[in-house]
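The values are calculated or read from the model by the stated rules, or taken from the named source; none is laboratory data. Keep in mind that this is a model prediction, so the values were computed, not measured. All Cβ positions, even for glycine, are placed from backbone atoms using ideal geometry, and neighbour counts span all protein chains on display. Side chains are part of the model used for accessible areas, which takes the heavy atoms of the whole protein and leaves out ligands, DNA and RNA. Shrake-Rupley method; radii C 1.70, N 1.55, O 1.52, S 1.80 Å.
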Amino acid sequence: MTVAKEMRVVKDVTCPFCGVTCDDLEVHVEDGKIRDVKNACVLGKDTFLHHLEGLATPRIDGKPASIEACIEAAADILARAKYPLIYGLDSTELHAHRKAIELADLIGANIDHTSSVCHAPSLQAVQTVGIPSCTVGEVKNRADLVIFWGANPAEAHPRHATRYSVTVKGMFTPQGRKDRTVIHIDVRRTPTSRMADTFIQIKPHSDYEVFSTLTALVNGHDLDVSEVGGVPLQEWRDLVEVMKGAKFGILYWGMGLTMTRGKYLNVVALLRLCQELNRFTKFLGAPLRGHGNVVGMAQVLTWQTGFPFAVNMSRGYPRFNPGEFSVADLLGRGEVDAALIIAADAIGNFPAKAAQHLKSIPLIAVDPKESETTKVAQVVIPAAQAAVAAEGVAYRMDHIPLPLKKVVDSPYPSDREILDRIIARVLAKRPDDGAKRAAPLPRG
Amino acid sequence: MASAIRIKGGRVYDPLHGLNGVVKDLCVEDGKIVQECHGAAEVIDATNLVILPGGVDIHTHIASPAVNAARGLRPEDHRLLCCPRKPGLRSGVGFTVPSTFTTGYLYAQLGYTTVMEAATPPIGTRHTHEELNDIPMVDKGCYLLMGNNEFILQYLKSGDLEKIKRYVAWLLHSLKGFGLKLVNPGGVEQWKYGKDVEGLDEKVNHFDVTPRQILQALTWVNEELGLPHSIHIHANRLGVPGNYQVTLETMRALEGKRVHMAHVQFHSYGGEDYVSFTSKAKEMADYINGHPNVTVDVGQVVFGDATTITADGPWQYRLHKLTKNKWYNLDVEVETGSGIVPYTYREKNYVNALQWAIGLETFLLIKDPWRVFLSTDHPNGGPFLYYPWIIKLLMDAEFRSQMLKRVHKRVLSHTMLPHLSREYSLYEIAIITRAGPARALGLRNKGHLGPGADADIAIYVDAKDKEEMFERAAYVLKDGKIVVRDGEVVESCPGRTIFAEVPGDDDLLTELRDKFEKYYTVEIGNFPIPLEDLPFHQAVPTGRPV
Ligand code: SF4
Ligand SMILES: [Zn+2]
């Protein structure tokens, strides 16, 4: 006799892989295994189809151990540490973010996440001048000019163009692609150039200069030079006319601006340009963000501590200082004496010096899969993968939160549960004598 | 019973029951106020202390995508107030845009136990609720932004009021909203192409409807649904000289209907520009005094740092242009906009000083305290931490005249403030900060101390200096538990999220699914927020006349 197979289709599934955060996936599950994924791009599909490959196993000092023992060992390390670091958190969800910050508050840790090494300069630029921006649906419904600058969404955010920004039809863009002018500006051609009507190739490291030039032109100044950034001035003059003539323009930027010379100053110059253009038309800007749910971590950290990344709790209250409390700097200077890396591969992605320091201190890795970090960690705790085997909330690149579903079961606990259990064990070890001072009230 | 408390010998101010400083014992059992404690009860000796219901803030901005963006935008602001972790409590920062836990603690220290987030975009309401979940100590709710919703504008264009009603009900039900908020109706839609509306009868681009139609339709919907709170309106032309006329017109357009006008100070300006800027508080108060259907919160300005956060995108752009301060803008698909600009109110700046005076005139000229409520439109007019300072200004005419000598001198000749000798009594303060807003919100268990009320109680040490008195509550009870002692939070409690219990309407789904597909970027199935996402909640019944 054959037993009927369990078959189900889960609809409206949110993809956790990139900041496009598509929420229209259909996942086909057969006998508890994911068989097929509809509507996703290749990257999204792989996330679901290969979620069982390379799974991590619970262990302490390389030897197999129970989850409970691992949690105990992790709590031991963290309770003893004087200047610990909690880092990662891009491939997980809101409730785990909450718990990670609670743990940092409890043990006086530094807490930072992947933004710190990708779009932190964008966040700093926004703190400097603000940002005129919108949710992606506004681009879908209205944008007649879309500029991608130092970004390659065709490869990094595959469905951005079809869902939000290029071919999609919206309320006032009924003809989709035909209603939009698309421009790609970068130091080299990429597949994104092929989506564009125009590609402008600029010299490396000239972005700041080009933004300043464009802003000057927008403000009615002309320049006494023949070219800027390797491009004839006349082309920039023409671009300014296109920008001013658009009904609704948006400039998307990527890591080509944040991780090259000038860093946050590039983005400041870009944002000033967008702000100035509002004297003539609607003109907005937005970073193309998101490996996983980095945006979400920045959100939760901001509401719980006031700051979006690089937060230090060692004085009992949150302090923010990129350069001092940002992960690359803390590790580069060899300051932290223990680390919990969760839902990200730190060692696989960090510069050698930072990775070297991580290897030299008690290291805890919480991750569904094996990584360079789990390979060397003293304690490895496997987790159920958020958005596949654990539910929660993730944020899209424009700060819109979307629910994550638990599509299949995992033998392992979720990030949230692991952190919760670590917190309970740390509390048990460190009778809470935390900061004694009360929150002072300011005098009116 | 372990959860029983007897508060002995305090002077009780409970305006709903006409108690004006009556010395009386209060009994609390199982989180409620009761006639008499059964059996043993913990005793709070309140001799010489003043007892009020817990404070109710009808209009504040403490949790929303825009509020969080403001936190992220202003690291420089957070250093002004650092709140270290304590056992059982979380750390955080102030000042104008405090982190979530700190927000709850600071409100509680002032004696507030219920606060209403006044603006959340529907698509961002999942975020708003998650933030509210992290604001302890207080009960809370949120108003959904509706005044520029493109589906509503489309239905309005085709004259389908019934559809609007069903759609609004679906939104409230799906998103666990407490009320309806209109911000610059029509104007924020215009802003999506960089424009604004000037008056109530200007047509909104592409939709062929006017602000007046939007106001009237949604006010009708609000009453048809029998929501506990009236429609909550941030009128057109906020902050703009001469805007009092559009404010008056807005109220006239809704004559006879329950209506709450938000932060009315920002809408009571005369003059043609900021040089000829004048107060029209008198004209506004005259209208309000004659129209019992209207309630207002003031949006009092306090001097010092503020962060302006509003869905009124075009106004924020204007403020950015005026101040050159940093400017954040986020237009939200289908629904609304939002903007943030840091701002500092200065005593010696004529416009700021006049704004300060207009707020006080509004408090002092509106005769019925049941219809004017304390707010700073936190943090737009300044942080809620200054409520005690405002109370002192209202209760102490001498303090007011001292302040008048400090501020820009044209205020003396350009407002009625120097001639207003009225001083609020404690009883009246209890109305404008407790009983009044609770009644306007339709929260029957809040804002009073009668049997059956939630045991949300604030106890103060009476002092001549009313700022000192209200700055630190001697005790605060939340749901019958002592959570504040001597102005310090001693125990955290989660507080409940309050929402209006509107029946769902799944018949509309097919039509909405199509609209979502065309105009939104999220699946309709991912839009509603399940009740499980609000671990502590309370539904407030609708449909009954309040
Ligand atoms: S575009 Fe991004 S979110 Fe969408 S399916 Fe691909 S990887 Fe997932
Ligand atoms: Zn407001």
Distance (nanometres) between label positions extended 7 Å along Cα→Cβ at residue A:238 and residue A:10: 5.0 nm
Residue B:35/residue B:368 FRET efficiency (R0 25 Å; Cβ-Cβ; nearest 0.05): 0.25
Inter-probe distance in nm under a simple model that places probes 7 Å from Cα toward Cβ, at residue A:178 and residue B:220: 3.8 nm
Computed FRET value (nearest 0.05) for residue B:42 with residue B:293, which takes r as the C-beta separation and R₀ as 30 Å: 0.10
Calculated FRET value between residue B:276 and residue A:279, using beta carbons and R₀ = 25 Å, to 0.05: 0.50
Mean projected area in nm² (Cα convex hull; one quarter of hull surface) for chain B: 23.1 nm²
Cut-off under 5 Å, modelled amide H: who pairs with residue A:91 long-range: A:293
Unmatched cysteines, chain B - criterion: no other Cβ of a Cys under 4.7 angstrom: B:82, B:83, B:142, B:493
Among beta bridges that DSSP assigns inside the protein assembly as shown, antiparallel share in %, nearest 5: 45 percent
Inter-part distance where segment B:61-82 and segment A:1-73 are each reduced to a Cα centre, Å: 36 Å
Proximal aspartates and glutamates to residue B:86, defined as alpha-carbon separation beneath 12 angstrom and excluding residues fewer than eight positions away on the same chain: A:105, A:432, A:433, B:488, B:491
Amide proton proximity set for residue A:131, modelled H, under 5 Å, gap of 5+: B:327, B:328, B:329
Candidates per chymotrypsin sites (Phe, Trp or Tyr not before Pro) in segment B:299-342, loop by DSSP, up to 16 other Cβ within 10 Å: none
Chains B and A, summed buried accessible surface - 1.4 Å probe, Å², nearest 100: 6200 Å²
Shielding score for B:64-77, defined as the mean number of other chain Cβ atoms within 10 Å: 5
Where labels lie 7 Å past Cα in the beta-carbon direction, separation of residue A:356 and residue A:50 in nm: 3.1 nm
Pairwise centroid distance, computed over Cα atoms, of segment A:123-200 with segment B:387-425, Å: 53 Å
Spatially near lysine pairs across segment A:120-287, Cα under 29 Å, sequence gap of 8 or more or different chains: 20
HN-Hα J in Hz across segment B:429-441 - Karplus 6.51, -1.76, 1.60, θ = phi - 60°, x for Gly and Pro: 4, 4, 6, 6, 10, 9, 4, x, x, 4, 5, 5, 7
Straight-distance crosslink candidates among aspartates and glutamates, where the alpha carbon sits under 16 Å from residue B:282 and sequence neighbours closer than 8 are dropped: B:249, B:297, B:361, B:368
Shielding of A:315-326 by partner chains, average beta-carbon count, 10 Å: 4
Inter-chain Cβ neighbour average for residues A:122-130, partner chain, 10 Å: 4
Long-range amide H partners of residue B:312 with built H, under 5 Å: B:339
Percent antiparallel among DSSP beta bridges (both partners in segment B:183-296, rounded to 5): 20 percent
3J(HN,Hα) from dihedral phi, segment A:165-177, Karplus parametrisation 6.51/-1.76/1.60, rounded to Hz, x for glycine, proline: 10, 10, 8, 5, 9, x, 4, 10, 10, x, 9, x, 4
Where trypsin sites (Lys or Arg not before Pro) fall in DSSP loop in segment B:330-410, at most 15 other Cβ within 10 Å: B:346, B:348, B:367, B:409
Cα-Cα P(r), chain A, percent of pairs per 10 Å interval: 4, 20, 28, 23, 16, 7, 1, 0, 0
Carbon + sulfur, % of accessible area of the protein assembly as shown - ligands and nucleic acids excluded, 1.4 Å: 51 percent
Cα centroid separation - segment B:331-361 against segment B:477-502, whole Å: 30 Å
Burial ranking of peptide ranges A:23-35, B:254-266 (average Cβ count within 10 Å, highest at the top): B:254-266, A:23-35
Antiparallel content of DSSP bridges confined to segment B:51-489, in %, to 5: 55 percent
Rounded, prolate or oblate (a/c below 1.5 giving rounded, otherwise prolate when a/b exceeds b/c) for segment A:120-287 by Cα gyration tensor: rounded
Gyration tensor verdict on the protein assembly as shown (Cα atoms; rounded if a/c is under 1.5, prolate if a/b is larger than b/c, oblate otherwise): oblate
Sequence-separation-based contact order of segment A:329-403, relative, with Cα cut under 8 Å and 6+ spacing, percent: 23 percent
Per residue Cα convex hull volume in Å³ - calculated over segment A:1-140: 190 Å³
